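Here's the structure, in structure tokens; my notes come after.
The values are calculated or read from the model by the stated rules, or taken from the named source; none is laboratory data. Quick caveat, the model's predicted, so the values are computed rather than measured. Every residue, glycine among them, receives a Cβ derived from its backbone with ideal geometry; neighbour counts consider all protein chains shown. Ligands, DNA and RNA are stripped out before the accessible areas are found, and what is left, the full protein with its side chains, is counted by its heavy atoms. Shrake-Rupley method; radii C 1.70, N 1.55, O 1.52, S 1.80 Å.
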Amino acid sequence: MTAASPPPSPWQASVLTLFPEMFPGPLGQSLAGRALREGRWGLDAIDIRGFATDRHRSVDDTPCGGGAGMVLRPDVVDAACAAALAAGPDRPLVVLTPRGVPLDQRMVRGFAEGPGVVLLCGRFEGIDQRVIEARGMLEVSIGDYVLSGGEPAALVLLDACVRLLPGVMGAAASGEEESFSAGLLEYPHYTRPTQWNGLAVPPVLLSGNHAEVARWRREQAEMLTRTRRPDLWARHGSATPHALDGQVNAA
Ligand code: 6GU
């Protein structure tokens, strides 16, 4: 028995899309790609068009009530969902859409701890709302901007999940994870050369004083969070007491 063998039933992602050739895409590279080849997670991209029933293989139709664009048909989407769920029925069904609830690290952690996800990528103007509701889909957005389709958002969600799976990243990752879990943006990093183009590395980082380094990094993280992300800072201040808060926030 070798210690390196991954569990028999890895975390499984199924992606329902009109563009299955977009997967694994960037997830076939780097850490996620190596983990995929090692069987630490699985990915199947399912072509929604394969579930069309008419002879023109149509997947969409014009919006009821009028307006621009096309809407994915509920019958075709439902059949694609059924096929995906057959290979792992206990996974959450997530539809990527700019009108969804915002994806955050807490949601990512929840997905990563489960058996996997089924991701439905929207295209055109949208998806018939009846199948979203009938299937109890969770509508998720990756930010306040509009993509031409849900595929890049699915890749983002999967990348965030996969890096949390056991054995995907080295030990270095877990500490960093905690720093975001603490609700602060990360402090800045430096390496050699200590002088570059007349720019010095902050001397405290070369002092060898670990307590001073920790304090400086925390101050930087708090300053960045306060100025760049007042929304995160407001939540952090109320929810996360810390041993250094009294000193750092004194000003
Ligand atoms: Cl999940 N989909 C699309 N099409 N646009 C988005 C998005 C998702 N999240 C932010 N913008």
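Here is how the numbers come out for the structure above:
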{"read-out": "Degrees separating the helix 210-228 axis from the principal Cα axis of the chain, which is the longest one", "value": "50"}
{"read-out": "Rounded tilt (10° steps) of 74-86 against the dominant C-alpha axis of the chain", "value": "60"}
{"read-out": "Nearest-0.05 FRET efficiency for GLU186 and MET70, computed from C-beta distance (R0 35 Å)", "value": "0.25"}
{"read-out": "37 °C / 0.692 mPa s Stokes-Einstein diffusion coefficient of the stretch 1-90, Kirkwood radius on C-alpha pairs, µm²/s", "value": "213"}
{"read-out": "Estimated D of the stretch 73-122 in µm² per second, where Rh is the Kirkwood radius over Cα pairs and Stokes-Einstein applies at 25 °C, 0.890 mPa s", "value": "205"}
{"read-out": "Listed residue (PRO188, ILE48, GLY88) projecting farthest to the positive dipole end of the chain, Cβ model", "value": "PRO188"}
{"read-out": "Fraction of accessible area attributable to carbon and sulfur, the chain (%, probe 1.4 Å)", "value": "56"}
{"read-out": "For the chain, with +1 on Lys and Arg beta carbons and -1 on Asp and Glu, the positive-most of GLY208, THR227, MET22 along the dipole", "value": "GLY208"}
{"read-out": "Helix-derived mean residue ellipticity, 222 nm - over the chain, DSSP H n ≥ 4, -39500 (n - 2.57), to 500", "value": "-10500 deg cm²/dmol"}
{"read-out": "Angle in degrees between helix 151-162 and the longest Cα principal axis of the chain, rounded to the nearest 10", "value": "50"}
{"read-out": "Fluctuation leader among GLY208, GLY237, GLY110 - the chain, Gaussian network, Cα springs under 10 angstrom", "value": "GLY208"}
{"read-out": "Cβ charges +1 (Lys, Arg) and -1 (Asp, Glu), total dipole of the chain, debye", "value": "460"}
{"read-out": "5 angstrom amide H check on VAL117, placed H, neighbours 5+ away", "value": "GLN12, ALA13, SER14"}
{"read-out": "CYS64 accessible area, 1.4 Å probe, all protein chains in place, Å² to nearest 10", "value": "140"}
{"read-out": "q = 0.10, 0.12, 0.15 Å⁻¹, the chain: log10 I(q)/I(0) [Debye, one scatterer per Cα]", "value": "-0.64, -0.84, -1.09"}
{"read-out": "Sequence ranges 139-147, 27-35, 111-119, ranked by mean other-Cβ count within 10 angstrom, highest first", "value": "111-119, 27-35, 139-147"}
